[in-house]
Amino acid sequence: MISSDRGLSPRVAAKRHLLCHTALIGLLASGLPAQAQDEAGVVELMPIVVQNKLAYSGAIDGYLAPATETGVKSGVPLAEVPQSITVVTSTELEARAPRQVEDSIAYVAGVLPSTWGTDDRYDQFSIRGFDMGPYALYRDGLPQKALSFSGFTVDPYMIERVDVLRGPAGVLYGSNDAGGMVNLVTKRPVFDSLGETRLSYDSNGTGSVGFDWSDVLSPDGAVAGRITGLVRDGETEVDRSENDRSFLSASLTWAPTDDTALTILGHVQRDSLTPLTITPVNGEDIDPSWGRVPGDYAYRQSDYNFFETEQETIGWELTHSFTPELTLNQRLRYADQSTDYAQLDFGSAQADGLHYYAFHNEERARTLGIDTNLSWTRGFGAAENTLTAGVDYQHSRYRVAQKLDYSEYIVPYDDPEFDFPVSDPIDGSTTRTTYVEKGLYLQDHIDFGQGTTVTAGLRHSWFETKAEDLDNDTEDSQDNSATTGMIGLTHDFANGLTPYASYTEGFIQNVGTTLEGDVLDPSESTQWELGLRYAPTADLILSAALFDLRKTNVKEYDTRDTTWSSFLQAGEVRSRGLELEARGRLSARLQGTASYTYLDTEITKSVMRDDPDAGTVDIRGNENNFAPNHQLSLWLDYDASALLPGLSLGGGLRSVSSYYATQENGRRTSGYTLADLAVSYEVSDFSIDLGVTNLFDEDYYSMCYDDYGCTRGEGRIVTLSLQRSF
């Protein structure tokens with residue numbers, strides 16, 4: 001049955017949905033000791049602060065989240081965020097069962113997932129035409145960005161929801177790239193009994209067992225805990241590959257009163273995965289007169305290759321209301337990852353064969369993030385004003401011991417096998433990089449009470465990078481500061497229409513050097529955006545956004561450096577586009593998401609640079625890399641219980657037009673269309689799930705580099721799972 005909220009304004013409907021959602025959580029917990037009923041039948045709900053937090057971090061029934069803290073830190077209905085934002089809910093994650101975080105956002109408007117193909121080292125994606133990959137990831141509002149090859153990856157089974165904020169977000173989150181940010185929300189305790197076990201096996205020979213459990217732990221109902229774990233063992237479609245993971249995530253919430261809640265979050269994780277492989281293409285990277293490689297060459301690799309990590313994180317979230325108007329929020333997380341990575345990497349195709357070189361990295365990366373703010377809410381007549389003032393701090397350090405001497409191994413065209421021994425390189429280097437960022441920010445959200453809201457913010461950040469050569473006892477450092485602002489307006493017309501307009505700014509400290517050894521300058525970004533949201537019901541939102549996004553001092557790999565450790569800065573990139581998205585419930589039995597993205601990107605300023613083969617290169621007028629002109633996606637989830645009780649069917653299509661992988665625009669990566677399928681059958685406490693990704697086994701490339709090679713997209717994978725709830 002369609003919700004009775006039809007006809008309400010988006011803001012009112014969303015708030016009603018939010019209140020109903022949090023009240024339902026409390027009512028579901030009525031059987032627990034802390035939620036005892038008195039003789040009059042009055043239910044004692046869990047503390048109010050926990051109810052509010054669960055609305056922004058807990059499970060969502062359906063494809064539409066009613067509210068978010070990602071776009072406005074004080075927390076508002078989705079319609080009041082004056083910037084494009086999408087929430088991938090727990091319902092969608094459960095239906096599609098993504099293998100990596102990049103898969104979880106594959107159906108989001110403006111997002112191009114898996115930009116570097118089948119790459120298990122970390123998550124790769126672009127947003128609004130900017131390849132951001134693992135450098136735009138946050139978890140629970142704190143940065144979780146890759147440091148060298150340490151990606152701090154998270155398994156989707158650990159995640160409750162994913163918030164994708166598109167466009168610069170410098171005011172709230174400090175250093176962050178132009179396209180936007182992806183905030184992963186970790187599963188945390190619920191004040192209810194929850195439990196499941198899951199077994200799965202896929203067509204690549206990978207099996208896994210997982211469990212998720214939460215319950216109230218104290219007689220007074222003030223403490224709840226949750227444990228989530230997974231063990232996976234197997235391989236990918238690449239020969240001699242590994243696809244092994246084990247993690248244990250634990251959390252504890254203590255809510256002694258309606259005004260205070262403390263949640264402690266921690267996890268340990270061990271991975272043995274497969275590195276990225278780039279393969280030359282016959283007739284393009286390999287001259288036909290030299291020879292050719294077989295069709296399955298892209299799936300071959302050396303026994304020398306491995307990628308192993310050990311990761312631990314610990315942190316907390318604290319919320320305390322001093323008065324109904326004044327609330328303190330603090331988030332902290334410490335993360336530590338050790339990475340052991342070796343690869344026989346492709347260098348070039350030449351007449352005598354394919355040339356490879358070996359490298360071996362041993363890394364240790366540690367990060368500490370703290371964000372503390374005070375939110376003060378005050379009514380002024382019909383208006384309500386919420387002012388959030390905060391300070392945040394980031395500290396990251398990573399040490400890289402690399403063995404690399406460019407000794408070459410040649411794979412002949414008439415015997416393209418990796419059946420030869422590979423030795424660790426003799427030469428090496430040891431470096432240590434430290435990054436520190438401190439910021440002060442203000443955000444004010446005013447609801448004028450007549451459907452109009454204004455959100456404005458301002459931040460000043462100080463950030464510094466120190467790069468040390470530990471072998472030669474030398475160091476380079478760079479100190480910078482940046483001031484960013486934002487302002488946005490939304491208006492609810494009370495007929496389901498809510499237009500908005502915004503201006504936002506951002507910046508990012510570019511870590512790295514040029515081939516000549518010069519430290520990179522920061523990049524800055526600005527965006528103008530006009531949007532319209534239409535909520536015909538409380539369970540469905542249709543949205544449209546027009547934007548003009550610009551980034552200066554753009555960082556790009558210098559292809560003259562075969563170690564991929566040097567960069568260029570290409571000046572300014574402009575991205576303009578249109579995004580259309582629909583999310584929610586279409587009928588009592590049908591729900592899902594659909595999106596269309598149009599991008600027009602251009603390099604409007606460039607660095608004139610010398611190329612050893614082409615001479616002086618000017619890339620002004622070129623398109624940005626990983627910026628397809630058109631993207632279309634559709635995922636539908638149908639409750640087929642009328643045909644067979646307990647049956648549900650899901651399916652999706654994603655179509656991506658061609659795009660360039662480099663700013664030189666020397667070679668297009670062909671477009672592709674992929675189909676996915678999900679079938680679920682529930683009976684009693686059991687569920688049997690069949691998932692198929694790339695249903696028609698489309699053979700496609702995710703990335704093709706100029707005169708170098710391509711990475712293949714993932715082929716068809718069929719997964720069968722058995723789940724029991726208790």
* Which is surrounded by fewer than 17 Cβ atoms within 10 Å (Cβ to Cβ), among the β-branched types (Val, Ile, Thr), farther than 15 Å from SER302 by Cβ and at pLDDT 95 or above, of THR386, THR430? -> THR430
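Of all residues in the range 462-485, which are out of contact with any Leu (no Cβ under 8 Å at 6 or more places or on another chain), assigned to a strand (DSSP E or B) and not charged (D, E, K, R)? Write out each step before concluding.
In the first step, residues of the range 462-485 are kept if they are out of contact with any Leu (no Cβ under 8 Å at 6 or more places or on another chain); the result is 462-482.
Next, from what is left, pick out any that are assigned to a strand (DSSP E or B): 462-469, 474-482.
Selection gives TRP462, PHE463, THR465, ALA467, THR474, SER477, GLN478, ASN480, SER481, ALA482.
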* Identity of the residue in the range 42-92, of a type in the set (D, E, K, R) and closer than 23 Å to THR537 by Cβ, that ends up surrounded by the fewest Cβ atoms within 10 Å (Cβ to Cβ) -> ASP61
* **Those residues of the range 271-327 which are of a type in the set (Asp, Glu), in contact (Cβ under 8 Å) with a residue 12 or more places away in the chain and over 30 Å from SER148 (Cβ atoms), in sequence order** => GLU284, ASP287, GLU325
* Asked: Got at least one residue in the range 262-273 being more than 30 Å from LYS403 (Cβ to Cβ), aliphatic (A, V, I, L, M) and in a loop (DSSP other than H, G, I, E, B)?
  -> no
* Structure fact -> Of the candidates LEU599, LEU674, the one satisfying the condition of being surrounded by 17 or more Cβ atoms within 10 Å (Cβ to Cβ), touching a residue at least 12 places away in the same chain (Cβ under 8 Å) and closer than 29 Å to SER203 by Cβ is LEU674
* Tell me, please, whether a residue that is surrounded by fewer than 17 Cβ atoms within 10 Å (Cβ to Cβ), at negative phi, without any contact (Cβ under 8 Å) to a residue 60 or more places away in the chain and in a strand (DSSP E or B) can be found in the range 656-668. => yes
* To do: Might you let me know whether the range 194-213 holds any residue that is at pLDDT below 95 and out of contact with any Lys or Arg (no Cβ under 7 Å at 6 or more places or on another chain)?
  => yes
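Looking only at residues that are among the β-branched types (Val, Ile, Thr) and under 25 Å from ILE314 (Cα atoms) in the range 182-208, which one is surrounded by the most Cβ atoms within 10 Å (Cβ to Cβ)?
Applying the first criterion (among the β-branched types (Val, Ile, Thr)) to the range 182-208 yields 182, 185-186, 190, 197, 206.
Filter again for under 25 Å from ILE314 (Cα atoms), leaving 182, 185-186, 190, 197.
Working: VAL182: 29, VAL185: 24, THR186: 24, VAL190: 22, THR197: 15.
Among them, the one singled out is VAL182.
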* To do: All but one of (1) outside any loop (DSSP other than H, G, I, E, B); (2) more than 22 Å from the chain's Cα centre (by Cα) hold for GLU237, so report the exception by its number.
  => (1)
* To do: For the range 409-422, state whether one or more residues are in a strand (DSSP E or B) and modelled with pLDDT under 95.
  => no
* Taking into account only those residues within the range 233-245 that are buried (at least 20 other Cβ atoms within 10 Å of the Cβ) and in contact with a Phe, Trp or Tyr (Cβ under 8 Å, 6 or more places away or on another chain), which is nearest to THR309 (Cα to Cα)? -> GLU242
* **Conditions (1) assigned to a helix (DSSP H, G or I); (2) more than 27 Å from LEU649 (Cα to Cα); (3) more than 25 Å from the chain's Cα centre (by Cα); (4) at pLDDT below 50: number failed by VAL50** => (4)
* Have a look at LEU217, LEU248, LEU230 and point out the one that is hydrophobic (A, V, I, L, M, F, W, C), more than 22 Å from ARG99 (Cα to Cα) and either surrounded by 19 or more Cβ atoms within 10 Å (Cβ to Cβ) or touching a Gly at 6+ places or on another chain (Cβ under 7 Å) (or both). => LEU217
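The values are calculated or read from the model by the stated rules, or taken from the named source; none is laboratory data. None of these values were measured; they are calculated from a predicted model. Backbone-built Cβ (ideal geometry, glycine too); neighbour counts: all protein chains shown.
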